[in-house]
Amino acid sequence: MSTLTSSVFRTETMTVPGGTETIVRGGRDLFPLLPRALRGVRRIGVLGWGPQGSAQAQNLRDSLAGTEVVVSVGLRPGSRSADDARAHGFTEENGTLGDWLAVAADSDLVILLIADAALAAEHERIFAVLKPGATIGLSHGFLLGHLQSIGSDFPAGHPVIAVCPKGMGDSVRRLYQQGATVNGAGINASIAVHADPDGHATDRALAWSIGLGSPYTFATTLADEYRSDIVGERAILLGAVHGLVEALYRHFVIAGADPVTAYERSTESITGPIARTISDSGLAAVRGATGDEDLFDRAYSVAYRPARDLVAEIYDEVAEGTELRSVILAEQRLATRPMSPIAGSPMWSHSTAVHARRTSVRTGIDPLTAGLFVATMVAQLDEFAARGHAWSEIVNESVIEAVDSLLPYMHARDVAYMVDNCSRTARLGTRHWGPRFQAAYEQIALPRVHEPADQALIEQFLGNPAHEALAAAAKLRPSVAISV
């Protein structure tokens, strides 16, 4: 785990299982300190206008308003995003919108937020135009994994930092805007300092994170970040959720439920009351809220080990570079064969009817669904802990990002919409691993759910140190829930 020290911002110690972590609490009252922390930075160039690019460019611009630091957006020629960037105030006329390489060449901090595969293909062109000593900024460690796989590295003499919000770009912007009246409302973020030739990289990363509105910032490494992030989106954040709701929907329909009820017991139960219960009261509270702890325990018992096996397999594939290479290969195929949507599955045709019933029908926590979902979430928590990740990273990547960012968005739209509209890297991973999770639930877990619960597994769940870590992190969460 990386240490976290700052000459500008006050650090705090957070007690976690087995020790402590150093964190920095955010807040709008810290915005006047940002220029000092951004020592040597007068222009920030954000390359890309996807969900993260647009959110981060707007948040940084707003946080630095009235200072001498200018935030500009760089786009490739002919980008379809240019009109939207202009509509949000980034224009050629005011010098805040331009060609991506020109913006990179003119910036002191260059934040690379173009798609992962595009960045893997184009990073040499970007590196070639950088100012001497310009800081390279990332919000994902994918590029590090790619560079390692080809025997390359970041250019010498440049600070390399990462600020990685633990939520989708839409959440980063929405909670920041809500934070206009609630100090500290935003999405938690990790920072990583990969190279620090001038000794000021940590303060720059913290300024960037605080400028995005992060309620609290914790330290990680770039390698740990991309492993936990890519594994998480293939497991509990997206892939496992998609596989689980598909499996449960079929299970309930086969058992005689009508399609709308089956949808409510599977998807609606997870994205609504289960997510809210975890966010408000923690993981263990879900068990008591089901009204049928025996069924929850049986479902948890049959799902934990298959889910843990899959999370471990994904982790190995990511750590060895296999998953990253598959994304790059897929991007090459997608140049001529675009991905088909997954929303064609029969269950998603009932989404509108389910959403319409919300005013008259209150969906409860289905104990079977809850047991399978919580087992999968805990399996990821345990695997990350076994792999040596910091507790802040473990609970943010496995729980907080899910219940405070992604699942509320899925509740407002649906899971299929989320999968079909997320980043290409996440979408590819979900399409790859979601069916594996679905098969594990359908072929291994659900056929055995009638068996007595494994009491040792349940005791392990109830005594899991993740509860303590999550409770510590939850104290720093914003006082408002995201509006979607």
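The values are calculated or read from the model by the stated rules, or taken from the named source; none is laboratory data. Computed from a predicted model, the values in this text were never measured in an experiment. In this analysis, Cβ positions are derived from the backbone assuming ideal geometry, glycine residues included, and neighbour counts consider all displayed protein chains. Just so you know, the surface numbers come from the protein's heavy atoms only, side chains and all, with ligands and any DNA or RNA stripped out. Shrake-Rupley method; radii C 1.70, N 1.55, O 1.52, S 1.80 Å.
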Which whole-percent values make up P(r) of the stretch 404-484 when all C-alpha to C-alpha distances are grouped in 5 Å steps starting at zero?
3, 11, 11, 13, 15, 21, 19, 7, 1
Between the stretch 230-272 and the stretch 88-130, the Cα center-to-center distance that results, in Å:
40
Rounded to 0.05, the calculated FRET efficiency for the beta carbons of ARG436 and SER345 at R₀ = 22 Å is 0.85
Given Cβ point charges of +1 (Lys, Arg) and -1 (Asp, Glu) and nothing else, what value in debye, to the nearest 20, does the dipole of the stretch 357-436 about its Cα centre take?
420
For the stretch 349-433, which chymotrypsin sites (Phe, Trp or Tyr not before Pro) are in a loop by DSSP, counting at most 10 other Cβ atoms within 10 Å?
none
Carbon and sulfur together cover what percent of the accessible area of the stretch 411-455 at a 1.4 Å probe radius?
51
Along each of the three principal axes of the Cα atoms of the stretch 142-230, give the extent in whole Å, ordering the values from largest to smallest.
47, 29, 16
Largest to smallest accessible area among CYS164, CYS422 [probe 1.4 Å]
CYS422, CYS164
Heavy-atom SASA rank of THR271, THR221 (probe 1.4 Å, accessible area, largest first):
THR221, THR271
Residues whose modelled amide H sits under 5 Å from the amide H of LEU97, counting only those 5 or more places away in sequence or on another chain, are VAL73, THR91, GLU92
Charge-dipole axis of the stretch 19-125 as Lys and Arg at +1 and Asp and Glu at -1 on Cβ define it, positive-most pick from TRP49, VAL69, ALA85
VAL69
Looking at the chain, identify the longest residue range that excludes and avoids all GluC sites (Glu not before Pro) in DSSP loops having at most 13 other Cβ atoms within 10 Å.
94-319
Give me the distance in nm between label points sitting 7 Å out from Cα along the Cα-to-Cβ direction at ARG362 and GLU124, one decimal.
6.2
Mind pulling up the Rg/Rh value for the chain? Radius of gyration and Kirkwood radius, both on Cα.
0.97
Distance from a point 7 Å along Cα→Cβ of ALA65 to each backbone N in the stretch 183-207: keep the residues under 19 Å and list them by number.
183-187
Using the Cα centre of the chain as the reference point, and only Cβ charges (+1 on K/R, -1 on D/E), how large is the resulting charge dipole? Debye, rounded to the nearest 20.
920
Run through the stretch 333-381 and list the trypsin sites (Lys or Arg not before Pro) located in a DSSP loop whose Cβ has at most 11 other Cβ atoms within 10 Å.
ARG362
Averaging sequence separations of C-alpha pairs under 8 Å and six or more residues apart, then dividing by the length of the chain, give the relative contact order as a whole percent.
19
If ILE150, ILE342 are ordered by their accessible area, calculated over protein heavy atoms with a 1.4 Å probe, which sequence runs from highest to lowest?
ILE150, ILE342
